[in-house]
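*Asks:* Before I ask anything, here is the structure I am working with.
Derivation of every value follows stated rules applied to the coordinates shown; laboratory data play no part. Computed from a predicted structure; not experimentally measured. All Cβ positions, glycine included, derive from the backbone under ideal geometry; neighbour counts span all protein chains shown.
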């Protein structure tokens, strides 16, 4: 692994170790809405052996088990694995690297990842490992966030930072992914050797009770966006929060706020 990729991995690992305790109550409220669509595309059903990459606290693995699958979760964050094991003690969760999978070749019928692949230093390598552990005709499916320009929650945050802070303040390692469009996801699937690849946008909603929950969701439940928020000057944050709260009024519902969010969902087949 090159130094740049090592830097990405160290940054992501430290960030997810930190985010693990708060993730379920914060940003998982955004990501969990895409689980059913992910499992539908992966054709997850009874008797399927499933590997959930970047499994986090185990939400996808549990949802797949509810469909009759036999899931195994893999994550490089020990803190996330501890949460998953505590929440779902009858599901197998392993600490490990998706780019160097500990599982034997042709072990699974399905490999899925809900917003995990774009966090990996080398997404093609991770998908190539997914292909290795899949049985012939096995399916891979994964989600990634669409670009901030078409994703309301991110646009609200980034517009506030642009107006009152500094979008370049974080000085984080470059992303290993950059997977924001269907074409981006199809490219990495092709590079990893998958056939019959498909990708499309999926629209969902992020619901929360208070305006401050949006910025706290990003701060406590993400890594790269959290680093950007934390890097802002202290005097900028109140102005950012006010700007976001004002814009959120247009998304107020009877029980809080309902913000549109957009992911890209891709799948492929191992021939």
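*Asks:* Nearest 10 degrees is fine. How inclined is helix 182-191 to the longest principal axis of the chain, computing both from alpha carbons?
*Replies:* Tilt of helix 182-191: around 30 degrees.
*Asks:* I need the P(r) histogram for segment 93-186: all alpha carbon pairs, bin width 5 Å from 0 out to the longest distance, whole percents.
*Replies:* Once binned at 5 Å, the Cα pair distances of segment 93-186 give 3, 12, 18, 20, 16, 12, 8, 7, 4, 1, 0.
*Asks:* Still on this structure, please answer the following. Arrange the following residues from fewest to most other Cβ atoms within 10 Å of their Cβ: 242, 225, 181.
*Replies:* 242, 181, 225
*Asks:* Please label the shape of segment 1-102 as rounded, prolate or oblate, based on the square roots a ≥ b ≥ c of the eigenvalues of the alpha-carbon gyration tensor (a/c under 1.5 means rounded; beyond that, a/b larger than b/c means prolate, else oblate).
*Replies:* The shape class here is prolate.
*Asks:* Where in segment 163-184 does the amide nitrogen come within less than 20 Å of the point 7 Å from the Cα of residue 239, taken along Cα to Cβ?
*Replies:* Output list for this probe position: 163-171.
*Asks:* Restricting to DSSP H runs of at least four residues, report the calculated mean residue ellipticity at 222 nm for the chain, -39500 (n - 2.57) per run over all residues, nearest 500 deg cm²/dmol.
*Replies:* -12500 deg cm²/dmol
*Asks:* Same structure, new question: What label, among [x] 18.2, 56; [y] 26.4, 95; [z] 19.0, 56, belongs to Rg and Dmax of the Cα atoms in Å computed from the structure on display?
*Replies:* Of the labelled values, this structure produces [x].
*Asks:* So the label point goes 7 Å from the Cα of residue 207 along Cα→C-beta, right? Which residues of segment 244-259 then have their backbone N under 18 Å from it?
*Replies:* In segment 244-259, the label zone of residue 207 (backbone N under 18 Å from the point 7 Å along Cα→Cβ) covers 249-259.
*Asks:* Using the beta-carbon distance between residue 6 and residue 92 and R0 = 25 Å, what value does 1/(1 + (r/R0)^6) give for FRET efficiency, to the nearest 0.05?
*Replies:* Calculated value: 0.30.
*Asks:* Need one word for segment 17-166: rounded, prolate or oblate. Basis is the Cα gyration tensor (sqrt eigenvalues a ≥ b ≥ c); a/c below 1.5 gives rounded, then a/b vs b/c decides.
*Replies:* prolate
*Asks:* Can you check how the C-alpha radius of gyration of segment 201-271 compares to 2.2 N^0.38 Å, as a plain ratio?
*Replies:* Ratio of Rg to 2.2 N^0.38 Å for segment 201-271: 1.39.
*Asks:* Could you tell me the ratio Rg/Rh of segment 118-271? Both radii from Cα atoms, Rh via Kirkwood.
*Replies:* With Rg and the Kirkwood Rh in hand, the quotient comes to 1.05.
*Asks:* If you don't mind, there's one more thing I want to ask. For a quick check: sort 200, 164 by the number of other beta carbons within 10 angstrom, fewest at the front.
*Replies:* Fewest-to-most Cβ neighbours within 10 Å comes out as 200, 164.
*Asks:* Take the alpha carbon atoms of segment 11-41, find their center, do the same for segment 63-82, and report the distance between the two centers in whole angstrom.
*Replies:* 12
*Asks:* Out of all DSSP beta bridges in the chain, what portion is antiparallel? Express it as a percent rounded to 5.
*Replies:* Given both bridge residues lie in the chain, the antiparallel proportion sits at roughly 55 percent.
*Asks:* For segment 137-225, compute the orientation-averaged projected area of the C-alpha convex hull (one quarter of its surface), in nm².
*Replies:* 7.5
*Asks:* Over segment 27-81, what portion of Cα pair distances is larger than 13 Å, expressed as a whole percent?
*Replies:* I get 57 percent for the Cα pairs in segment 27-81 exceeding 13 Å.
*Asks:* Suppose R0 equals 25 Å. What FRET efficiency, 1/(1 + (r/R0)^6) with r the Cβ-Cβ distance, do residue 255 and residue 155 give to the nearest 0.05?
*Replies:* Plugging the Cβ-Cβ distance into 1/(1 + (r/R0)^6) gives 0.65.
*Asks:* To the nearest 10 degrees, how steep is helix 212-221 against the longest Cα principal axis of the chain, on a 0 to 90 scale?
*Replies:* Helix 212-221 and the main axis of the chain meet at about 40 degrees.
*Asks:* Also: How would you rank 120, 239, going from fewest to most other Cβ atoms within 10 Å of each one's own Cβ?
*Replies:* Sorted ascending by nearby Cβ count, the order is 239, 120.
*Asks:* Tilt of helix 152-164 relative to the longest C-alpha principal axis of the chain, in degrees (0 to 90, nearest 10)?
*Replies:* 40
*Asks:* Strictly greater than 15 Å: what percent of every Cα pair in segment 121-161 meets that?
*Replies:* Looking at segment 121-161, the distances longer than 15 Å represent 59 percent of pairs.
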